[in-house]
Amino acid sequence: MTGRALGVCYYPEHWPESWWEEDAARMVAAGITWVRIGEFAWSRLEPVSGDLRLDWLDRAIATLGAAGLKIVLGTPTAAPPRWMLDRHPDMLARGKTGQLRKFGSRRHYDFSHKGYREECARITEILARRYSNSPYLGAWQVDNEFGCHDTVLSYSSAALIGFRAWLATKYKDIGDLNAAWGNVFWSMEYGEFDQIDFPNGTVTEANPSHWLDFHRFSSEQVAAFSRRQAEIIRRYSNLPILHNYMGRITDFDHFAVGAELDAASWDSYPLGFLEDRSDAANSWKADFARQGDPDFQAFHHDLYRAVGRGRWWVMEQQPGPVNWAPYNPAPLTGMVRLWTWEALAHGAEIVIYFRWRQAPFAQEQMHAGLLTPDSREAPGLAEATQVARELASGPEIEGPPLASVALVFDYQSAWAWSIQPQGADFNYFRLVFEVYRGLRLNGLTIDILSPDVEDLSRYSLVVVPGLLAWTTGLRTALSGYHGHAIIGPRTGSKTEHFGIPASMPPDLLALETRVAHVESLRPDCSLPLEGGGHFYIWREITDGSSFIVERTVDGVAAMRRQGRLSYLCGWPDRVAMRRLLGEIAQGAGIRTTPLPDGLRRVETPGEVFWFNYAAEPVALAAVVGDSSLPEVLGPADFHRGARTESR
């Protein structure tokens, strides 16, 4: 892969036109070659319905392009102007309690509203027609941050009409829906599709099958919304089309959206996500408060590499303090550089910083940029400039990462276990992420896969935690797989309609293991394992002829094995997770390298990268046991060296 580059998000509509040329020149001088614009500019592009004012955008693109910058042009559909609400007063989404999601911020639209979708198609076509032949355009961005601010599920009249039509198309006969959902329970049977309401507001819990189909419908609305814009752009342009996803957003199926785009991107805010979206203990957050979680960014890099089918960018990279987390510290010196290089090592084609100049007004005025509001250099600019110099003078990264381990991630499973967690602490993302962390603490490089994967032959180890129901593709792939696989916990415990399978979980005959019952564990009731560490959050009681590899100290099977298939009968804590994954990886012939909490490793075809997330130096050569490595790796620093060891 060649052409790794840096970019920045810029909002020409925020600044006097007399500043644009100087801003562009300063970007180029810093080594920036890409600039994203336009994704929130609808009110300036069309201040009144039908009154198009595109001349300023023409000039902005020309000014930036003439300076040598490539443009990512965003469709402005994430922030409809106020007049749009007058034209479509029912376009606003409603929250779970029925509250209207009003104008005055952003993302104030319902994915199901046909009128708004037509307005989005119209403005998308206007932009595609006008700019598709621009020599300065390099890519397109569809909308902005789907799912941000809890905006996927809507309980509006438009969504209800759409949901009923979706159910009628899926099930065709109301009797089939009743059977699939098990509506004989509690006399919940319907006589026609128009009787079906949203699953919110019921006296007690609603049918989980009802909820799951509502999530599926809502996710498909997002995919359809994105697909319509991409189809329009492709009529006029052959440039790459992307969307910028977020961290730990599971409300829609990113694989489904990504299938209609050319590449994926995501918005990486390590310090904000540590404070706002992490399950880690406060002590862990304190240790990494200025660096970010050592695995959170890497997890999403690997996830979106899969969503983009190998092609992905960082569309927004945190350059300083953000404005939206409970606490917003400044990054440790060197972390902006480290985050950038980590993304590049995981295969990012472009890393774009958010934003060029800090805004002196409105909601994000406390969000740092590469410049301060008075146009002086903020600390992040020097680090971005350093990365640009290193990219220009150093060797190309041979990518993508070279992974011997695959981890399956499934959005429907995230919906299912939020609907029926069976324990207050059970969270699908957390489970998969803790498996990922356990693999990384063993020094392993990982590919994340969709559950629709059909070929696992390139991997020595595959891990499938918490999968709702088996897909045909994954069943087939496992049946012919010659490597080692770790299944569970909770994998295969439901059918696609959210019932317990007739053969009982994990619903995989080759395992010769049956889950008889499960229990969720209180935080003060963890179960020690004979080999060290504990099960916490979740434990399963199993039987069958499979071999018991490990037990809890009360004598119950903790891990079973049949041939090269292992079943994990609970949720290991960090100590047990690291140990068990390391043992199985070694059994699969994979070389492991136990790492301290702040040190991480990623392997590419030609190199090995080492990243120190700790606030203190690490004795790299001694920790790894390799005298060819530097003796010490400083805090917020990384090392890249030639790859010599085998996978």
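The values are calculated or read from the model by the stated rules, or taken from the named source; none is laboratory data. Just so we're clear, the structure is a prediction, and the values are computed from it rather than from any experiment. Methodologically, a virtual Cβ is constructed for each residue, glycine included, from the backbone with ideal geometry; neighbour enumeration extends over all protein chains shown.
Scanning the range 317-332 turns up no residue that is out of contact with any helix residue (DSSP H, G or I) (no Cβ under 8 Å at 6 or more places or on another chain) and closer than 19 Å to P401 by Cβ. Any residue in the range 82-105 that is under 20 Å from Y236 (Cα atoms), outside any loop (DSSP other than H, G, I, E, B) and in contact (Cβ under 8 Å) with a residue 12 or more places away in the chain? No, that holds for no residue. Report whether or not A343 is of a type in the set (A, V, I, L, M), over 20 Å from V28 (Cβ atoms) and in a loop (DSSP other than H, G, I, E, B). When the stated conditions are applied, A343 does not pass them.
Residues that are of a type outside the set (A, V, I, L, M, F, W, C), part of a strand (DSSP E or B), more than 15 Å from G438 (Cα to Cα) and touching a residue at least 24 places away in the same chain (Cβ under 8 Å) do occur in the range 551-561. All of (1) exposed (fewer than 15 other Cβ atoms within 10 Å of the Cβ); (2) within 31 Å of the chain's Cα centre (by Cα); (3) of a type in the set (K, R) hold for R87 with one exception: (2).
With respect to the conditions (1) in a loop (DSSP other than H, G, I, E, B); (2) touching a residue at least 40 places away in the same chain (Cβ under 8 Å), V28 falls short on a single one, namely (1). For the residues H497, H484, the requirement of being under 18 Å from D253 (Cα atoms), in contact with a helix residue (DSSP H, G or I) (Cβ under 7 Å, 6 or more places away or on another chain) and modelled with pLDDT of 95 or more singles out H497. The condition of being surrounded by 15 or more Cβ atoms within 10 Å (Cβ to Cβ), in contact with a helix residue (DSSP H, G or I) (Cβ under 8 Å, 6 or more places away or on another chain) and not assigned by TED's automatic domain parsing to the domain that holds V387 holds for only one of A558, A636, that being A636. Within the range 590-612, does at least one residue satisfy the condition of being among the hydrophobic types (A, V, I, L, M, F, W, C), touching a helix residue (DSSP H, G or I) at 6+ places or on another chain (Cβ under 8 Å) and assigned to a loop (DSSP other than H, G, I, E, B)? Yes: one or more hits. Test each condition in (1) outside any loop (DSSP other than H, G, I, E, B); (2) farther than 30 Å from A259 by Cα; (3) under 25 Å from the mean Cα position of the chain (by Cα) for H517 and report the one that comes out false. Among (1) outside any loop (DSSP other than H, G, I, E, B); (2) farther than 30 Å from A259 by Cα; (3) under 25 Å from the mean Cα position of the chain (by Cα), the lone unmet condition for H517 is (3).
Total residues in the range 252-277 satisfying the condition of being assigned to a loop (DSSP other than H, G, I, E, B) and either among the β-branched types (V, I, T) or farther than 20 Å from A416 by Cα (or both): the figure is 6. Scanning the range 207-238 for residues that are farther than 20 Å from D150 by Cα and surrounded by fewer than 19 Cβ atoms within 10 Å (Cβ to Cβ) turns up N207, R227, R228, E231, R234, R235, Y236, N238. When the residues of the range 150-171 are filtered to those that are surrounded by fewer than 16 Cβ atoms within 10 Å (Cβ to Cβ) and either without any contact (Cβ under 8 Å) to a residue 12 or more places away in the chain or out of contact with any Asp or Glu (no Cβ under 9 Å at 6 or more places or on another chain) (or both), the one that is nearest to D90 (Cα to Cα) is I161. I want to confirm something. Restricting to the range 570-619 and keeping residues that are touching a Pro at 6+ places or on another chain (Cβ under 9 Å) and charged (D, E, K, R), which single residue is farthest from Y536 (Cα to Cα)? Among those residues, the one meeting the criterion is E607.
Rundown of residues vs (1) under 28 Å from I249 (Cα atoms); (2) assigned to a loop (DSSP other than H, G, I, E, B); (3) among the basic types (K, R), yes/no style:
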| residue | (1), (2), (3) |
| --- | --- |
| F163 | yes, no, no |
| L167 | yes, no, no |
| D194 | no, no, no |
| T202 | yes, yes, no |
| A206 | yes, yes, no |
| H210 | yes, no, no |
| F217 | yes, no, no |
| E220 | yes, no, no |
| Q229 | yes, no, no |
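Could you pull out the residue among E519, E540 that is crowded, with 22+ Cβ neighbours inside 10 Å, of a type in the set (D, E) and either in contact with a helix residue (DSSP H, G or I) (Cβ under 7 Å, 6 or more places away or on another chain) or at pLDDT 95 or above (or both)? Only one candidate passes the filter, namely E540.
Scanning the range 29-58 for residues that are within 22 Å of I352 (Cβ to Cβ) and loosely packed, with under 15 Cβ neighbours inside 10 Å yields one hit, A29. For the range 398-415, check the following and say yes or no: at least one residue is in contact with a helix residue (DSSP H, G or I) (Cβ under 8 Å, 6 or more places away or on another chain), in a helix (DSSP H, G or I) and hydrophobic (A, V, I, L, M, F, W, C). Yes, that holds for at least one residue. Does any residue of the range 254-267 turn out to be more than 14 Å from the chain's Cα centre (by Cα) and within 30 Å of Y536 (Cβ to Cβ)? Checked the range 254-267: no residue is more than 14 Å from the chain's Cα centre (by Cα) and within 30 Å of Y536 (Cβ to Cβ).
Is it the case that A469 is at pLDDT 95 or above, small (G, A, S), in contact with an Asp or Glu (Cβ under 9 Å, 6 or more places away or on another chain) and surrounded by fewer than 24 Cβ atoms within 10 Å (Cβ to Cβ)? So A469 fits the description; yes.
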